[in-house]
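So the structure is just underneath, and the comments pick up after that.
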Amino acid sequence: MSVTIKSAREIETMAAAGRIVAGTLALVRRHVRPGVSTADLDRIAEDFIRSHPGARPSFKGLYDFPATLCTSINAEIVHGIPSPRRVLAAGEILSVDVGVALEGLHADSAATFPVGDISAEAERLLRVTQEALVAGVAQARAGNHVGDIGHAVQQVAEGAGYSVVRELVGHGIGTSFHEEPQVPNFGKPQRGPRLTPGMTIAIEPMVNAGAPEIRTLEDKWTVVTADGSLSAHFEHTVAIQENGAPPRILTTSG
Ligand code: MG
Ligand code: MG
């Protein structure tokens, strides 16, 4: 599959999907507390998404994933499956990833939330991962390359003493949830595919407090840090603008 360029109209539709995504994350955040199960959060998210005419959760059924949200706790990096048996406890961190499809177009975002009070180390990991996303997004400009994004993300994460996951990457997004190009969280400036106006990409740093290695649990979905260290995940879907302007973030409530 090749890189697709979206029309202004398609980008508006993706922004509408993105507003629902942002609303979903804001709603989930308000419900994250000790004693709530990840299945509770999943139901709240699915009901909210389906309350918007024409909108549906992107993940449900994608590669046979069974839920609306990916809910990944502590050393879980991504792709955790919501469960009524997984009840949140104070001090944990919860990564929530969600996609919405509207009129055949997708938007994708993720954030990691504290459950009650968390350690200073966990707070720092969340802050740095969010800063890595901001740095990556700032490089998503026409004329730059995909490697500029990954380089910026990597500099922030590794500069703070953390590592970035290599095997899982950001991606183009549009009529398909995963499109070209791949958007790694590492790279070299001016390398990789060139960014052009109308490209829409999901930038999603996955930052481990320890080593970068990962493994997949026996459920065949949940990806965890191999060393058991904490991991955080923040993501936005953005549109590349004309003339090297900063990208339009599509997954915001604004
Ligand atoms: Mg995502
Ligand atoms: Mg994504």
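What follows draws every value from the coordinates through simple rules; no lab data is involved. Computed from a predicted structure; not experimentally measured. Note that each Cβ is placed from the backbone with ideal geometry, even for glycine, and that neighbours are counted across all protein chains shown.
Data for the structure
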quantity: Within a Gaussian network of the chain (alpha carbon springs, distance under 10 Å), most fluctuating of 93, 73, 44; calculated: 44
quantity: Dimensionless Rg ratio for the chain, taking C-alpha atoms and the 2.2 N^0.38 Å reference; calculated: 0.94
quantity: Total formal charge among the other residues, if their Cβ is under 15 angstrom from that of residue 48, Lys/Arg +1 and Asp/Glu -1; calculated: +3
quantity: Under 25 Å from residue 60, Cα to Cα: lysines that are on another chain or at least 8 residues apart; calculated: 6, 220
quantity: Around residue 178: net Lys/Arg minus Asp/Glu count, Cβ-Cβ under 12 Å; calculated: -4
quantity: Estimated [θ] at 222 nm from DSSP helical runs (n ≥ 4, -39500 (n - 2.57)) normalised by residues in the chain, nearest 500; calculated: -9500 deg cm²/dmol
quantity: Rounded Å value of the spacing that divides the Cα centres of region 68-132 and region 1-49; calculated: 13 Å
quantity: Highest to lowest packing among 140-147, 117-124, 53-60, scored as the average C-beta count within 10 Å; calculated: 140-147, 53-60, 117-124
quantity: Phi-based couplings in Hz for region 121-132 (Karplus 6.51, -1.76, 1.60; Gly and Pro marked x); calculated: 5, 5, 4, 5, 4, 4, 5, 5, 5, 5, 5, 5
quantity: Neighbour net charge for residue 95 - beta-carbon separation under 10 angstrom, K R +1, D E -1; calculated: -3
quantity: Stokes-Einstein D in µm²/s, Kirkwood radius over Cα pairs - region 214-254 at 25 °C with 0.890 mPa s viscosity; calculated: 182 µm²/s
quantity: Whole-number percent relative contact order across the chain, with pairs defined as alpha carbons under 8 Å at least 6 apart; calculated: 24 percent
